1. Given an 8 Å cut-off on Cα distances and at least 6 residues of separation, report the relative contact order of the range 176-266 as a percent.
2. Normalised by the residues of the chain, what does the relative contact order come to in percent, with Cα pairs under 8 Å and at least six apart?
3. Step through the residues of the range 80-88 one at a time and calculate ³J(HN,Hα) from phi using the Karplus curve (6.51 cos²θ - 1.76 cosθ + 1.60, θ = phi - 60°), rounding each to whole Hz and writing x for Gly and Pro.
4. Any idea what the dipole of the range 1-132 comes to, in debye rounded to 20, about its Cα centre with Lys/Arg Cβ at +1 and Asp/Glu Cβ at -1?
5. For VAL186, what residues show an amide H to amide H distance below 5 Å, using hydrogens built from the backbone and excluding near sequence neighbours?
6. Using θ = phi - 60° and the Karplus form 6.51 cos²θ - 1.76 cosθ + 1.60, what ³J(HN,Hα) does each residue of the range 12-26 get, whole Hz, x for Gly and Pro?
7. Using modelled backbone amide H atoms (1.01 Å from N, in-plane), which distant-in-sequence or interchain residues come within less than 5 Å of HIS209's amide H?
8. How large is ³J(HN,Hα), in whole Hz, for each residue of the range 136-142 in order, when computed from phi with the Karplus curve 6.51 cos²θ - 1.76 cosθ + 1.60 and θ = phi - 60°, using x for Gly and Pro?
Amino acid sequence: MNCPTALTIAGSDSGGGAGIQADLRTFALNCVHGMSAITCVTAQNTIGVQRVDALPPEAVSAQIESVVSDMGVQGVKTGMMLNSGIIQGVKSAIEAYQLEERLVVDPVMVSRSGAQLLDDTAIEQLKQLIPLACLVTPNRYEAQLLSGIEIKTIDDMKRAAETIYTYGVKAVLVKGGAMLGENRGVDVWFDGETFDLLKTKSVETKNNHGTGCTLSASIAAKIALGKDLKTAVVESKNYVTRALESALDLGEGNGPLGHFFPLLEK
Ligand SMILES: Nc1ncnc2c1ncn2[C@@H]1O[C@H](COP(=O)(O)OP(=O)(O)OP(=O)(O)O)[C@@H](O)[C@H]1O
Ligand SMILES: Cc1ncc(CO)c(N)n1
């Protein structure tokens, strides 16, 4: 049986809500064979991250090379990449295997609570990767950092999307999970020609760990399935909304999404 494949280049989340674990689960729910290049191992739960151990950059590059050279990759996403050495190696591999057209960069730099997750050198390195991608998906704070624009309104999100587009990326999705009031959960799409507001219902839940990872993994899976980028984004946004509505009440903090709600409906 033929099966499309997708690759996630990201960190491991021991709590299973974000990172590699969320990505592989999302690939599976799309009936896409998931493969992984692990960049770092986090000791993490619903409350926070207790420890992070990075892999050597060569170990990350070797994982990418192993799967791409043998199995082929139709969709790729990057998530937490931790340091500039790893990001540099990933960029070289993307270029060597010409994966740009199917690459989604989730620029994991600032958490939704506003904490910086990458040092300044790594941020500069990540800025070099963004132009290669077909889509970059910054959250509110990452969009602020990448554009230099303070984001408070939808108009600010649009201006930030326009600025980030000038990096050379094909399309930008500024995510609105960290916006306030009725703007929470409204994402802004810009592809150089058209702005679009992707608006779903704003879900009232504290169990929202892994929304960004799930969104970018779902988009990569749908690219692997041959869908056009905009369709992949719209369907993925709807999937995240439904998964938030079915989120799991686990742990003391922010529980994981209910990724498998479609299976429970059968
Ligand atoms: N409460 C909510 N209701 C509806 N959609 C939401 C809500 N919170 C987040 N989203 C959606 O989830 C997706 C991820 O956006 P978010 O801004 O949370 O990304 P992120 O900060 O990168 O996520 P993470 O917390 O996983 O790092 C977006 O499509 C956003 O609109
Ligand atoms: C491993 C990992 N990647 C990404 C995020 C952002 O949600 C996280 N918390 N953990």
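1. On the way: 116 pairs, mean separation 22.7, N = 91.
RCO, the range 176-266: 25 percent.
2. Working: 585 pairs, mean separation 50.3, N = 266.
Across the chain, relative contact order equals 19 percent.
3. Per residue, the Karplus-derived 3J(HN,Hα) values read 5, 10, 6, 9, 5, x, 5, 4, 4 Hz.
4. Numbers: 7 positive and 13 negative charges, 74 e Å.
Around 360 debye, computed over the range 1-132.
5. Amide H to amide H, under 5 Å and 5 or more residues apart or across chains, VAL186 pairs with GLY176.
6. Here the 3J(HN,Hα) series is 8, 10, 4, x, x, x, 10, x, 3, 5, 5, 5, 5, 5, 5 Hz.
7. GLY255, LEU257
8. Once rounded to whole Hz, the list reads 10, 10, x, 7, 3, 6, 5.
The values are calculated or read from the model by the stated rules, or taken from the named source; none is laboratory data. Quick caveat, the model's predicted, so the values are computed rather than measured. With ideal geometry, Cβ positions are generated from the backbone for all residues, glycine too; neighbour counts draw on all protein chains shown. Ligands, DNA and RNA are stripped out before the accessible areas are found, and what is left, the full protein with its side chains, is counted by its heavy atoms. Shrake-Rupley method; radii C 1.70, N 1.55, O 1.52, S 1.80 Å.
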